[in-house]
Amino acid sequence: MSLIDIAKSPTAENSAIHLNSMDNVAVARVPLSEGQDLVVGAVALRVKNPVPAGHKVCLRPIAAGDQIFRYGQVIGRAKTAIEPGQHVHVHNLQFEEQTFTYEFPASEVPLPALPANMPKFLGYKREDGRAGTRNFVAVVAASNCAAHTAELIARRYEGSALPPGVDGVVAFPHGEGCAHTIGPDTDQLRRTLAGILAHPNVGAAIILGLGCEVNQIDHYLGANAPRTDRLMGMTLQNSGGTTASVAAACKYIDEQIEMLAAEKRVELPASRITVGLNCGGSDSFSGITANPALGYTSDLLAEVGAASVLAETTEIFGAEHLLVKRSRNRATAERLLGFVAAYKRYVNQFAGSSFNDNPSPGNKEGGLTNIVEKSLGAVAKGGTSTLNEVLDYAERIHGPGFCFMNTPGYDPASLTGLAAGGSNVIVFTTGRGSAIGFPTVPVIKVATNSNTYRRMKDNMDINAGVIADGDGTVQSVGREIYDMILRVASGEITCAERLGHKEFVPWRIGPMM
């Protein structure tokens with residue numbers, strides 16, 4: 001997709017953004033008033049009804065039943081005839097599921113050679129070869145029955161002066177681990193918690209259970225241990241209850257803190273960085289500013305052999321053909337399509353549900369009409385490089401380059417999967433101002449529009465709205481994000497960390513017994 005040049009102050013000629021020559025709609029950069037004259041490229045028209053910023057305005061006559069294009073892709077059909085200058089949104093644009101003829105790669109795409117001058121960052125070198133960007137002690141509950149005690153343990157260290165180099169003691173409480181069926185749901189929870197226990201940003205960890213839950217702590221110990229050292233397992237039943245367990249855990253943590261404090265950041269190649277790509281509270285500017293800028297960042301990461309991981313299966317629906325075409329080989333493409341098909345079956349279990357339930361009221365208020373329009377903007381986060389790896393939820397990310405992980409679109413669950421897979425930095429784009437973070441992974445927040453950035457400056461690290469304002473480009477903001485990733489990987493604190501965000505929500509896929 002390409003952007004037109006946008007002047008700094010709105011006029012008839014730059015009040016709307018035309019993204020592709022095929023598009024029969026443009027996106028209002030600022031609110032458009034009824035009767036306002038508008039010029040978009042060679043098209044001059046008069047606005048027929050108010051169009052909020054981020055919403056679509058019709059550029060040429062569209063008959064009832066005709067296809068409507070944005071990004072050069074079909075986003076639905078007109079419910080009624082639409083005249084130039086009319087507002088195009090849920091009242092006159094109908095969602096239609098597309099059928100694609102997929103373009104599979106003809107042959108395997110080789111991995112690119114790494115640059116001679118590899119960028120560096122300061123991180124923690126871990127025993128498994130990965131790199132930590134933070135140095136935490138994690139107290140992970142095996143089940144809901146141990147969640148409160150895990151929080152009590154971490155609370156003992158709140159406000160205490162920890163040695164330099166130790167970022168904190170954090171709890172991972174959740175409501176899962178029991179009343180599960182034995183099978184895919186329990187397997188997925190175990191994979192998620194194992195990924196947290198062995199995360200490169202975690203220097204030491206405790207797995208804490210009640211003792212009788214489905215998710216037994218034995219799964220994380222002995223031959224099944226996700227890490228070979230600095231992991232303690234304990235249950236409330238065998239340790240004498242809550243009070244005794246807190247005391248025993250704190251004794252262990254005090255010992256580990258001394259060891260963590262002795263570890264120092266060292267210079268490491270940028271290829272050791274793994275970046276999760278996520279968006280939430282999206283608006284129509286997401287696919288114009290922050291997401292393409294993050295896509296440029298993703299391509300820069302691929303060039304140095306770092307991994308960037310797109311997620312949210314529900315938000316590639318209707319755009320998956322674009323990822324298939326970029327896959328490294330046919331097996332990678334077919335695994336991606338398998339996750340899309342499986343997610344459709346999952347959603348269809350619930351009567352009356354569909355992928356098009358995904359755009360939230362806030363998404364629609366921000367100008368996104370349906371899931372296809374949302375997805376076409378969301379996949380822009382993945383840039384243009386080859387899709388090298390497709391992973392299930394919380395699977396270990398290997399990289400290098402651009403990858404995809406099967407996660408829900410629900411932000412806390414998606415971030416949890418990306419973190420459990422090994423992302424040591426996450427970049428999160430938002431138009432509506434989603435406030436979210438993760439206990440052990442720094443989350444960089446990128447605002448898609450300047451209004452959100454100004455209103456929520458304590459939540460936002462970067463303003464991609466300058467692209468729509470005419471004060472920046474996709475490339476310049478993409479480079480800004482890339483540079484911040486290197487600084488954050490070296491220890492710079494993000495807004496989400498400063499505010500203490502610690503959202504952790506494993507994806508529950510099965511029935512509750």
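When Thr297, Thr384 are checked against the criterion of being modelled with pLDDT of 95 or more and in contact with a Phe, Trp or Tyr (Cβ under 7 Å, 6 or more places away or on another chain), Thr297 stands alone in meeting it. Are any residues in the range 477-509 surrounded by 15 or more Cβ atoms within 10 Å (Cβ to Cβ), of a type outside the set (D, E, K, R), over 30 Å from His180 (Cα atoms) and out of contact with any strand residue (DSSP E or B) (no Cβ under 8 Å at 6 or more places or on another chain), and if so, which ones? Within the range 477-509, Gly478, Tyr482 meet the criteria.
When restricted to residues that are of a type in the set (Asp, Glu) and surrounded by 15 or more Cβ atoms within 10 Å (Cβ to Cβ), the range 461-476 contains 2. Looking at the range 447-502, the helices (runs of 4 or more DSSP H) lying wholly inside it that each contain 1 or more residues that are over 27 Å from Phe172 (Cα atoms) and at pLDDT 95 or above sit at 450-455, 466-469, 474-489.
Per-residue answers, yes or no, for (1) at negative phi; (2) modelled with pLDDT of 95 or more; (3) buried (at least 21 other Cβ atoms within 10 Å of the Cβ):
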residue: Glu127; (1), (2), (3): yes, no, no
residue: Asn135; (1), (2), (3): yes, yes, yes
residue: Ala138; (1), (2), (3): yes, yes, yes
residue: Ala141; (1), (2), (3): yes, yes, yes
residue: Ala146; (1), (2), (3): yes, yes, yes
residue: Ile153; (1), (2), (3): yes, yes, yes
residue: Tyr157; (1), (2), (3): yes, yes, no
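All conditions but one from (1) surrounded by fewer than 22 Cβ atoms within 10 Å (Cβ to Cβ); (2) in a loop (DSSP other than H, G, I, E, B) apply to Leu122; the one that does not is (2).
Pairs are defined by a Cβ separation below 8 Å, a sequence spacing of at least 6 or placement on different chains, a first member in the range 404-430 that is assigned by TED's automatic domain parsing to the domain that holds Val324 and at positive phi, and a second member that is of a type in the set (D, E, K, R) and assigned to a loop (DSSP other than H, G, I, E, B); the pairs so defined are Gly422/Arg130; Gly422/Arg396. In this structure, Asn348 qualifies as more than 28 Å from Thr289 (Cα to Cα) and not basic (Lys, Arg).
Does Ala131 meet the test of being surrounded by 14 or more Cβ atoms within 10 Å (Cβ to Cβ) and either assigned by TED's automatic domain parsing to the domain that holds Gly362 or under 30 Å from Arg335 (Cα atoms) (or both)? Judged against the criteria, Ala131 is a match. Residues of the range 70-83 that are under 12 Å from Phe95 (Cα atoms) and touching a residue at least 40 places away in the same chain (Cβ under 8 Å): Val74, Ile75, Gly76. Before we move on, is Phe317 part of a loop (DSSP other than H, G, I, E, B) and touching a residue at least 24 places away in the same chain (Cβ under 8 Å)? The answer is yes for Phe317. Criterion applied to Thr494, Thr473 was being within 30 Å of Pro31 (Cβ to Cβ) and hydroxyl-bearing (Ser, Thr, Tyr), and the one residue passing it is Thr473. Part of a helix (DSSP H, G or I) and either touching an Asp or Glu at 6+ places or on another chain (Cβ under 6 Å) or surrounded by 21 or more Cβ atoms within 10 Å (Cβ to Cβ) (or both): is that true of Ala394 in this structure? For Ala394, the condition - part of a helix (DSSP H, G or I) and either touching an Asp or Glu at 6+ places or on another chain (Cβ under 6 Å) or surrounded by 21 or more Cβ atoms within 10 Å (Cβ to Cβ) (or both) - is not met.
The condition (being surrounded by 23 or more Cβ atoms within 10 Å (Cβ to Cβ) and either outside the structural domain of Met484 (by TED's automatic domain parsing) or modelled with pLDDT under 95 (or both)) is satisfied by just one residue among Ile207, Ile182: Ile207.
Looking at the range 370-381, which of its residues are part of a helix (DSSP H, G or I) and either touching a Phe, Trp or Tyr at 6+ places or on another chain (Cβ under 6 Å) or not assigned by TED's automatic domain parsing to the domain that holds Val446 (or both)? Scanning the range 370-381 gives Ile371, Ser375, Leu376.
One line per residue, one yes/no per condition, for (1) surrounded by fewer than 16 Cβ atoms within 10 Å (Cβ to Cβ); (2) assigned to a helix (DSSP H, G or I); (3) touching a residue at least 60 places away in the same chain (Cβ under 8 Å):
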{"site": "Leu323", "(1), (2), (3)": "no, yes, yes"}
{"site": "Arg335", "(1), (2), (3)": "no, yes, no"}
{"site": "Val340", "(1), (2), (3)": "no, yes, no"}
{"site": "Tyr343", "(1), (2), (3)": "no, yes, yes"}
{"site": "Ala351", "(1), (2), (3)": "yes, no, no"}
{"site": "Asn356", "(1), (2), (3)": "no, yes, yes"}
{"site": "Lys364", "(1), (2), (3)": "no, yes, yes"}
{"site": "Leu368", "(1), (2), (3)": "no, no, yes"}
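The residue list Leu337, Leu368 contains one member that is within 21 Å of Leu322 (Cα to Cα) and at pLDDT below 95, which is Leu368.
The values are calculated or read from the model by the stated rules, or taken from the named source; none is laboratory data. Here the structure is a predicted model, which means the values were calculated and not measured. Glycine also receives a Cβ, built like all others from the backbone with ideal geometry; neighbour counts cover every protein chain displayed.
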